[in-house]
Amino acid sequence: MSEAAAPPALRLGGTAPEAEYRPESLAELSQLVARRDGLTLVPVGSGLHLEAGHPPGGPWAPLHLNGALPGGLRHQQDDLTLVAPATARLRDIQDILSSAGQALPIDPPLAGAATLGGVLASGLSGPLRSRYGLPRDLVLGMSVMRADGVVVRAGGRVVKNVTGYDLMRMWCGSLGTLGIITEVAVRVYPAASTVAFSVAVESVAEGIAIVERLYRADFRPEVADILADERGVRLHLRLPEIAARAARSALGASANSGHGDTDYLAARDAGHRPEEALCLEVTSTLRRLPQVVDTLMRLHAKVLVVRPIVGVARAAWAAHRLPELAEFRAAVESFRDGRPPASSTARIERQPENWDGWTDPWGTPPSGLAIMRRLKEAYDPDGRLNRGRFAGGI
Amino acid sequence: LTTRRQLVSRLAAICGERNVLFRREDLLAYEFDGTIEKRLPHAVAFPATAEEVAAVVKLCRELGLPITPRGAGTGLSGGAVAMKRGVVIATSRMRRIIEIDPIDRVAIVEPGLPNIQLSEAAAQHGLFYAPDPSSQRACTIGGNVAENAGGPHCLALGVTTNHVLGIEVVTAEGEIEWFGGRVPGVPGYDLRGLFIGSEGTLGIVTKAVVRLLPLPSQIVTMVAVFETIDQASAAVSAVIASGIVPAALEMMDALTIQAVEASIKPGFPADAGAVLLIELDGLAEVVESQAASARAAALECGAREVRAARDTAERTLLWRARKDAIGALGHIAPNYYIVDGVVPRSKLVDVMQTVGAVSRSSGFQIANVFHAGDGNLHPLILFDEREPYATERVLDAAGHVMRACVDAGGSLTGEHGVGFEKQRYMPWLYSEVDLENMARVRAAFGNTGLFNPCKVLPEGTGCGEAGNQAAAIRNAGPEAYV
């Protein structure tokens, strides 16, 4: 399972690592994690989304997990479940599943190379979220190595289970700050036979209105993303075959499904392609979504992706055409509604290195921060794992 | 030390005199839930606001008294039974729908609101709230959040945690906090997800923001009749393997069929070995094609008859047969005990055979009515508690069924919760290290051991010996120490 070395210039927040670790077994990983050498460890799966969050709070070392986690993919076809080491690539998981006519509906940016554990830890999601929910909703059970090197388990591998605390939800999206995910059991789905196509729309607002109409009329699209970029504004849809026929005739759509896959990938990967340097995801109520879109338009994003069913608007900027920092910050703050229950949130998924410290990638947790700190204290009191990188400086 | 009189007067100062119960005859209604555990609390408080809940929690902490949250008391794991006595905090005065927003498709409700009332109110906007436990006419949203409740329609739509966006809670420490919001993605750890299903051991929900879904445009409900459970189980797998995720896929065995035919009369053949309720919903064209595939799959597996409900009235009757089946079975024996194990779907046939074996060896009749699509079994052990040692023998039989579920790679509970009654079995699934790891969550929320004690995680003393009711009643006088 040896993996190509990370690029030599691996830096976070402008600082280079003090060391680099590549344990070759679970036992070695455990010893390494439990050791206290003054460094904070940055767990690395595929290394695709390492820039998520604040820079490490102190001297750090990347901890490459490939090669440390045992076990292969275990697919229980009849049960529609799969157990995989956290370092399993989504691409390999989909390969195994598709040969059995099944699929795992998790498609974060750059999905193929991403690792299952990395996706869950970072909390990223993709277009399929409109139909299947967040990646964390598909998790049935998990094993996690705590900062003391001990592996603990929660959940199981059945699709319905309330036995014990739902630690999986605490671990998902926690950026590895409470432990390193080592193994995951997920629910998979029969691969629906679907049709994808795009239709040109006048504006993002028109796209939102169409999606709303389809949603209310029970079309149940797997993907319903509006894309606005240099190629214009269009609505990309993926629906079960029969529903797709009905949707096409309802929309009077011509058969321009040739762009299907291109648009899907454009919508999925927006913000994480090499030429892009800044990526923001805003989640808002439907009522507020048009206003969010307007604000993002005014910041001249290179690509805007709107996923109305789940209230998501994603914007990406190229490195050479960044918005004014002050304007960007003001917009982000306007999306971060202070009083709970929040009706919109904003997360900066990527930003230029020299912006570190000037923006907060997460925003302050509006409530419950004291409990979050106590959880960190309970599971990683020394800040061995991703110290300072999470929301609220955890 | 505090006397009951002092406790009651301080609770009354918070909630108002009329909103505190302390007389034995009043407390008796609060000593049990839907299971067989009983324990008399010292007092029941009915706060009306999050602030009052917080004040009661802080008072109990000050006095060192156990707290047990309670919704409608329909729970099926002893979660609302005050195992160490103390104060029960009931949410029945907090039952408002604060807001329904048909554009955002969100509702904000108080915890004591009965589940069905939310869907009824949402229906005016063409919306509904998805989780639909069989007890939905009585059970509350707060209780649903605590238990992460499911229901027949969770196969396609997910359980409570998939439909609750945010919660306002009073933590075990007595602090008012919001977890989540009107949208997902609120920064920080997902305390919302951690809290949902924590069975009232981390705090009490005081408001919930829930997601509402558009009512399906078309619904087809079919009944497939089989000679045996094995055939019906095979049909469950065949339907799902055909690429359909039905809205619901529910099974009833021969004993259940007879019981519901005797009272509800949904028109099941009296000699059937099993019936499957298959519900499909969505776009008319899609539902039509799925119904044809599901029918073919059922016939292929040996169904002797597959018919679809002709109209809403018949559909309602079929669902009443399913949701009231447990009540109908209550006519067969004076008491029942319901198991909630989950098995991987491929093990359904094996484990059902074990359930049959347990019935024969224990001498108890066991009826089965369950969520076949998710492998969530509900063997219902019928008994008469007046027979000597019946309760002990029933619990023993239930233990054997749960063991079989765990051995098949499944779990102890799919939707009813661990509560008091299953905590002793937790070591079957989790190591001591795993359990201690879970216990840290409780501490982080400020639970020092007195907030809904004896639930979820195995605990030592003071929990197991609930039988001494006589002593409890003797000690219930106004001057007794609490």
(request) Could you list, in sequence order, all residues of the range B:11-33 that are part of a helix (DSSP H, G or I), buried (at least 20 other Cβ atoms within 10 Å of the Cβ) and not hydrophobic (A, V, I, L, M, F, W, C)? (result) B:TYR30
(message) Within the range A:87-103, take every residue that is touching a Leu at 6+ places or on another chain (Cβ under 6 Å) and more than 14 Å from chain B (Cβ to nearest Cβ) and give me the one that is surrounded by the most Cβ atoms within 10 Å (Cβ to Cβ).
(response) A:THR87
(message) Can you tell me which of (1) crowded, with 17+ Cβ neighbours inside 10 Å; (2) over 23 Å from the mean Cα position of the chain (by Cα); (3) without any contact (Cβ under 8 Å) to a residue 12 or more places away in the chain is the one B:TYR430 doesn't meet?
(response) (2)
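Considering B:LEU377, B:LEU348, which residue is within 14 Å of another protein chain (Cβ to nearest Cβ), crowded, with 23+ Cβ neighbours inside 10 Å and over 16 Å from the mean Cα position of the chain (by Cα)?
Unique residue meeting the criteria: B:LEU348.
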(message) Checking A:VAL186 against (1) facing chain B (nearest Cβ under 9 Å); (2) in contact (Cβ under 8 Å) with a residue 24 or more places away in the chain; (3) outside any loop (DSSP other than H, G, I, E, B); (4) closer than 29 Å to B:PRO214 by Cβ, only one condition comes out false. Which one?
(response) (1)
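Residues checked against (1) modelled with pLDDT under 95; (2) within 10 Å of chain A (Cβ to nearest Cβ):
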site	(1), (2)
B:SER411	no, yes
B:HIS416	no, yes
B:PHE451	no, no
B:VAL456	no, yes
B:ASN468	yes, no
(message) I'd like to check something: does the range B:34-49 contain any residue that is in a helix (DSSP H, G or I), surrounded by 20 or more Cβ atoms within 10 Å (Cβ to Cβ) and modelled with pLDDT of 95 or more?
(response) no
(request) Residues being part of a helix (DSSP H, G or I) and either touching a residue at least 24 places away in the same chain (Cβ under 8 Å) or under 14 Å from the mean Cα position of the chain (by Cα) (or both): count how many of those fall in the range B:105-142. (result) 7
(request) Evaluate the following for A:PHE219: is it in contact with a helix residue (DSSP H, G or I) (Cβ under 7 Å, 6 or more places away or on another chain), facing chain B (nearest Cβ under 7 Å), over 30 Å from B:MET426 (Cα atoms) and buried (at least 19 other Cβ atoms within 10 Å of the Cβ)? (result) yes
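Please go through the range B:372-417 and give me each residue that is in a helix (DSSP H, G or I) and charged (D, E, K, R), ordered by number.
Across the range B:372-417, the qualifying residues are B:ASP374, B:GLU392, B:ARG393, B:ASP396, B:ARG403, B:ASP407.
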(request) Taking the residues in the range A:344-379 that are assigned to a strand (DSSP E or B) and either surrounded by fewer than 16 Cβ atoms within 10 Å (Cβ to Cβ) or of a type in the set (S, T, N, Q) (or both) as candidates, determine which candidate is nearest to the other protein chains (Cβ to nearest Cβ). (result) A:THR345
(request) Check A:VAL332, A:VAL282, A:VAL292 and return the single one that is at pLDDT 95 or above, part of a helix (DSSP H, G or I), within 14 Å of chain B (Cβ to nearest Cβ) and crowded, with 23+ Cβ neighbours inside 10 Å. (result) A:VAL292
(request) Please specify each residue of the range B:225-266 satisfying the condition of being in a loop (DSSP other than H, G, I, E, B), acidic (Asp, Glu) and within 14 Å of another protein chain (Cβ to nearest Cβ). (result) none
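Matching residues to (1) in contact with a Phe, Trp or Tyr (Cβ under 8 Å, 6 or more places away or on another chain); (2) surrounded by 19 or more Cβ atoms within 10 Å (Cβ to Cβ); (3) at pLDDT 95 or above; (4) within 20 Å of B:HIS153 (Cβ to Cβ):
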| residue | (1), (2), (3), (4) |
| --- | --- |
| B:LEU194 | yes, yes, yes, no |
| B:VAL209 | no, yes, yes, no |
| B:GLU250 | yes, yes, yes, yes |
| B:ALA262 | no, no, no, no |
| B:VAL275 | yes, yes, yes, yes |
(request) Considering every residue within the range A:315-329, establish whether at least one is modelled with pLDDT of 95 or more, within 14 Å of chain B (Cβ to nearest Cβ) and buried (at least 19 other Cβ atoms within 10 Å of the Cβ). (result) no
(message) I'd like the full set of residues that are surrounded by fewer than 20 Cβ atoms within 10 Å (Cβ to Cβ) and at pLDDT below 95, limited to the range B:62-82.
(response) none
(message) Conditions first: (1) more than 9 Å from chain B (Cβ to nearest Cβ); (2) in contact with a strand residue (DSSP E or B) (Cβ under 7 Å, 6 or more places away or on another chain). A:ALA191 passes all but one, so which condition is the exception?
(response) (1)
(request) Just name the residue that is nearest to the chain's Cα centre (by Cα) out of those in the range B:143-192 that are more than 8 Å from every other protein chain (Cβ to nearest Cβ) and part of a strand (DSSP E or B). (result) B:VAL164
(message) Conditions first: (1) assigned to a loop (DSSP other than H, G, I, E, B); (2) in contact with a Leu (Cβ under 8 Å, 6 or more places away or on another chain); (3) crowded, with 19+ Cβ neighbours inside 10 Å. B:LEU59 passes all but one, so which condition is the exception?
(response) (1)
(request) Could you grab the pairs with beta carbons closer than 7 Å, sequence gap of 6+ or different chains, first residue in the range A:64-78 and within 14 Å of another protein chain (Cβ to nearest Cβ) and closer than 15 Å to A:ARG91 by Cα, second one surrounded by fewer than 19 Cβ atoms within 10 Å (Cβ to Cβ) and of a type in the set (Ser, Thr, Tyr)? (result) none
(request) Would you tally the residues in the range A:148-175 being more than 23 Å from the chain's Cα centre (by Cα), more than 7 Å from chain B (Cβ to nearest Cβ) and assigned to a loop (DSSP other than H, G, I, E, B)? (result) 2
(request) Take B:ILE89 and decide whether it is more than 13 Å from chain A (Cβ to nearest Cβ) and more than 17 Å from the chain's Cα centre (by Cα). (result) yes
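The values are calculated or read from the model by the stated rules, or taken from the named source; none is laboratory data. In this text, all values refer to a predicted model and were calculated from it rather than measured experimentally. Virtual Cβ from ideal backbone geometry, glycine too; neighbours counted across all protein chains shown.
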